[in-house]
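Undergrad: Here's a structure for you.
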Amino acid sequence: TSVLSNTAPRQKTQLEGIRQKVFIDRYSLKDTSGQPMEQHPEDMWARVARGIASVEETDEKRAIWQERFYDALSDFQFVPGGRILAGGGTGHQVTYYNCYVIPSPDDSRQGILDNLKVMTEIMARGGGVGINLSTLRPRGSYIKTVNGTASGPCSWAQLYSVATGDVIQQGGSRRGALMLMLDDTHPDIEEFITVKKKPGMIEHANLSVCVSDAFMKAVKDDADWQLTWQGEVRKTLKARHLWDLICKSAWESAEPGVVFMDRCNKEANTWYYENIRCVNPCGEQPLPEWGVCNLGALNVAAFVTNGEMNWQRLAEISKVAMRFLDNVIDATGYFFDENREAQLGTRRTGLGTMGLADALIKMRVAYGSAASIPVIERIYSTIRDAAYEASIEIASEKGSFPRFESDKYLQGKFIKRLPKTLQEKIKKHGIRNAVLLTQAPTGTTSLLSGVSSGIEPVFDFAMIRRDRTGEHILYHHLLQEWRDAHPNEPTPSYFVSSKDLSPEEHVRVQGTIQRYTDASISKTVNAPNSHTVEQVEDLYRMAYEMGCKGVTYYRDGSRDAVLTRIEDE
Ligand code: 5AD
């Protein structure tokens with residue numbers, strides 16, 4: 001299937017319907033008058049493969065990797081993040097990074113405005129931004145210079161949100177994406193948990209509570225919990241009171257999310273040199289201040305034929321994808337020196353997946369069932385091992401990431417769970433990338449690729465389409481294929497939609513994949529409308545105990561427009 005090989009030229013792919021529209025609108029290269037110059041994905045694959053191979057050192061290597069990259073991209077086997085697909089090989093000075101965390105603002109009006117400026121510069125170029133606002137003094141604190149009182153982080157959060165929604169959205173085609181976080185010890189945390197309930201408040205940011213291990217222990221022990229500012233206790237309450245508030249709010253309105261931040265730091269491969277304070281807007285990337293990450297997804301459904309996963313091919317393409325994402329770090333533009341410095345020291349990549357649900361259907365395994373767990377483990381351990389193998393190989397060729405310190409890196413919790421052979425190879429050759437793996441939502445790129453998004457189950461197998469001739473039921477393509485082949489037979493049980501799953505099954509899949517993922521995971525745990533607040537508390541506890549780094553929860557009917565949000569990502 002290579003573009004450069006001597007086999008008979010293949011006819012170019014003609015995408016249909018929404019896939020072609022997404023391709024033309026979002027990814028096809030445009031001329032200066034905005035006319036698309038690429039009509040087929042092959043044109044895009046060739047451009048991106050050439051662009052990302054161009055940072056290799058010699059003509060020979062450029063040629064080899066251009067061909068391998070094209071092969072991996074073809075038929076949407078490996079799908080880089082949308083920014084790379086749109087910008088790769090164009091020569092345009094755009095950023096290929098989706099994920100950014102910027103420093104917490106200085107606790108002053110000037111500090112906040114400087115911080116907002118950094119945020120808007122990144123968003124204008126299409127990056128999603130995460131900010132932990134815990135540096136801002138609580139509402140009601142005295143401000144000496146103006147002899148007044150502070151409005152607190154929740155009211156500043158509204159300014160960040162309005163800047164994201166009203167300023168950025170009008171500029172470009174992409175929406176700005178913002179994550180705002182607050183620590184579980186901040187005196188304004190109760191206000192933060194409930195602030196979105198006020199009409200018009202913070203409509204353009206995702207909110208998540210930064211949850212510590214000490215807090216989770218206090219909840220378990222039914223202990224007191226102190227809210228503090230600069231070491232001074234401002235309020236003491238029951239940890240369970242705060243926990244109830246978080247769970248009740250998620251139950252009512254799907255916000256805020258929780259991020260187990262101590263867990264993120266303790267598990268991080270970078271534990272010995274950086275402090276992770278926040279996550280990007282969809283939650284898959286815990287990052288230090290100025291940290292960035294570039295994304296790419298293996299379309300695992302593309303490796304299944306006749307019910308069988310081609311494990312060898314999955315591993316091969318995972319390795320090529322790793323090389324590709326490492327090259328992206330050198331091919332992208334940077335517009336803040338702080339980002340360049342942070343990333344060139346760490347070389348963080350986010351290799352993830354899409355099409356998991358479709359892959360399981362093709363393998364006739366019910367997503368979330370007990371039988372699915374070993375299959376999921378095999379998929380994600382295959383990818384993990386191949387990615388680490390590739391990063392070690394690149395290190396022996398091009399050098400380890402500059403902040404690599406063998407003894408410390410090998411003490412990392414995640415690293416210690418790698419197969420011993422990989423640990424030995426890291427010791428011998430080093431490793432090119434500090435952090436390699438993530439699971440992003442892959443909203444628009446999975447639409448382009450025609451498969452289920454990220455690690456999510458299929459949302460619905462039947463959709464109603466209305467046109468001049470009336471209403472038509474449109475089936476998921478795998479279900480339609482099955483129906484065509486087996487008319488009048490009952491639908492097999494492996495056609496599982498997110499609504500068929502219990503919330504615990506959602507969490508079990510997330511927790512399983514987390515064990516093989518060194519960064520974090522974006523996943524929505526869907527619950528039926530009848531779910532209770534107590535059940536949410538048990539569910540979150542289960543997620544914590546299974547090793548998840550965060551949870552986002554959505555109770556059916558608790559709020560609308562969740563699907564549109566996924567597509568906008
Ligand atoms: N924290 C983390 N992720 C979030 N998402 C939405 N809100 C939050 C939040 N507060 C993510 C969901 C979904 C994606 C589109 O956005 O997990 O997968």
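Undergrad: Quick check on my filter: what residues within region 486-503 are open to solvent by 70 Å² or more (accessible area, probe 1.4 Å) and small (Gly, Ala, Ser)?
TA: Matches in region 486-503: SER493 only.
Undergrad: Can you give me the number of residues within region 195-216 that are touching a residue at least 40 places away in the same chain (Cβ under 8 Å) and within 15 Å of TRP156 (Cα to Cα)?
TA: Residues flagged as touching a residue at least 40 places away in the same chain (Cβ under 8 Å) and within 15 Å of TRP156 (Cα to Cα) within region 195-216 amount to 9.
Undergrad: State whether one or more residues within region 512-523 are more than 14 Å from the ligand (Cβ to nearest atom), at pLDDT 95 or above and out of contact with any strand residue (DSSP E or B) (no Cβ under 9 Å at 6 or more places or on another chain).
TA: Within region 512-523, one or more residues are more than 14 Å from the ligand (Cβ to nearest atom), at pLDDT 95 or above and out of contact with any strand residue (DSSP E or B) (no Cβ under 9 Å at 6 or more places or on another chain).
Undergrad: From ARG483, ARG466, ARG403, ARG417, which residue is under 18 Å from SER381 (Cα atoms) and open to solvent by 60 Å² or more (accessible area, probe 1.4 Å)?
TA: ARG417
Here's the yes/no breakdown for (1) surrounded by 20 or more Cβ atoms within 10 Å (Cβ to Cβ); (2) in contact with a Leu (Cβ under 6 Å, 6 or more places away or on another chain):
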| site | (1), (2) |
| --- | --- |
| ASN147 | no, no |
| VAL162 | no, no |
| THR194 | no, no |
| GLN230 | no, no |
| ARG234 | no, yes |
| HIS241 | no, no |
| ILE246 | yes, no |
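Undergrad: Residues to consider are SER74, SER54, SER104, SER28; find the one that is closer than 30 Å to ASN275 by Cβ and open to solvent by less than 70 Å² (accessible area, probe 1.4 Å).
TA: Sole residue among the options that is closer than 30 Å to ASN275 by Cβ and open to solvent by less than 70 Å² (accessible area, probe 1.4 Å): SER104.
Undergrad: Checking ALA462 against (1) touching a Leu at 6+ places or on another chain (Cβ under 6 Å); (2) in contact (Cβ under 8 Å) with a residue 12 or more places away in the chain, which test does it fail?
TA: Evaluating ALA462 over (1) touching a Leu at 6+ places or on another chain (Cβ under 6 Å); (2) in contact (Cβ under 8 Å) with a residue 12 or more places away in the chain leaves (1) as the failure.
Undergrad: Give the number of residues within region 298-328 that are in a helix (DSSP H, G or I) and of a type in the set (Asp, Glu).
TA: Qualifying residue count, region 298-328: 2.
Undergrad: Which of the numbered conditions does GLU203 fail, given that it passes all the others? Conditions: (1) open to solvent by 30 Å² or more (accessible area, probe 1.4 Å); (2) within 15 Å of the ligand (Cβ to nearest atom); (3) assigned to a strand (DSSP E or B); (4) of a type outside the set (S, T, N, Q).
TA: (3)
Undergrad: Going through VAL167, VAL118, VAL129 one at a time, which residue ends up being open to solvent by 50 Å² or more (accessible area, probe 1.4 Å), under 25 Å from GLY82 (Cβ atoms) and in contact (Cβ under 8 Å) with a residue 12 or more places away in the chain?
TA: Checking each option against the conditions leaves just VAL167.
Undergrad: If I filter region 271-290 down to residues being within 12 Å of the ligand (Cβ to nearest atom) and assigned to a strand (DSSP E or B), which single residue comes out as farthest from LEU180 (Cα to Cα)?
TA: Out of the qualifying residues, it is PRO286.
Undergrad: Have a look at ASN294, ASN327 and point out the one that is surrounded by fewer than 24 Cβ atoms within 10 Å (Cβ to Cβ) and away from the ligand (no atom under 16 Å from the Cβ).
TA: ASN327
Undergrad: Just for region 254-286: of the residues that are of a type in the set (Gly, Ala, Ser) and modelled with pLDDT of 95 or more, which one is nearest to the chain's Cα centre (by Cα)?
TA: This residue is GLY283.
Undergrad: Of the residues ALA214, ALA268, ALA250, which is more than 15 Å from the ligand (Cβ to nearest atom), of a type outside the set (Lys, Arg) and buried (at least 22 other Cβ atoms within 10 Å of the Cβ)?
TA: Result of the check over ALA214, ALA268, ALA250: ALA268.
Undergrad: Still on this structure, I have one more. Give the residues of region 353-398 that are outside any loop (DSSP other than H, G, I, E, B), open to solvent by 20 Å² or more (accessible area, probe 1.4 Å) and of a type in the set (A, V, I, L, M), sorted by residue number.
TA: ILE373, VAL375
Undergrad: Can you pull out every residue in region 399-429 that is in a helix (DSSP H, G or I) and of a type in the set (Phe, Trp, Tyr)?
TA: The answer is TYR409, PHE414.
Undergrad: Please go through region 49-64 and give me each residue that is part of a loop (DSSP other than H, G, I, E, B) and either basic (Lys, Arg) or in contact with a helix residue (DSSP H, G or I) (Cβ under 7 Å, 6 or more places away or on another chain) (or both), ordered by number.
TA: Answer for region 49-64, where residues must be part of a loop (DSSP other than H, G, I, E, B) and either basic (Lys, Arg) or in contact with a helix residue (DSSP H, G or I) (Cβ under 7 Å, 6 or more places away or on another chain) (or both): SER54, VAL55, GLU56.
Undergrad: Within the group VAL496, VAL509, which residue is in contact (Cβ under 8 Å) with a residue 60 or more places away in the chain and over 30 Å from LEU287 (Cβ atoms)?
TA: VAL496
Undergrad: In addition: Got at least one residue in region 277-293 being touching a Ser or Thr at 6+ places or on another chain (Cβ under 9 Å), over 22 Å from VAL259 (Cα atoms) and of a type in the set (A, V, I, L, M, F, W, C)?
TA: no
Undergrad: Hey, can you tell me all the residues within region 261-270 that are part of a helix (DSSP H, G or I) and within 24 Å of THR95 (Cβ to Cβ)?
TA: Listed by number, the list holds a single entry, CYS264.
Undergrad: Right, another one. Residues in region 430-455 that are at pLDDT 95 or above, under 12 Å from the mean Cα position of the chain (by Cα) and not in a strand (DSSP E or B): how many?
TA: 7
The values are calculated or read from the model by the stated rules, or taken from the named source; none is laboratory data. All figures in this text were calculated on a predicted structure; none of them were measured in a lab. Backbone-built Cβ (ideal geometry, glycine too); neighbour counts: all protein chains shown. Note: accessible area is taken over every heavy atom of the protein model, side chains too, but ligands, DNA and RNA are not part of it. Shrake-Rupley method; radii C 1.70, N 1.55, O 1.52, S 1.80 Å.
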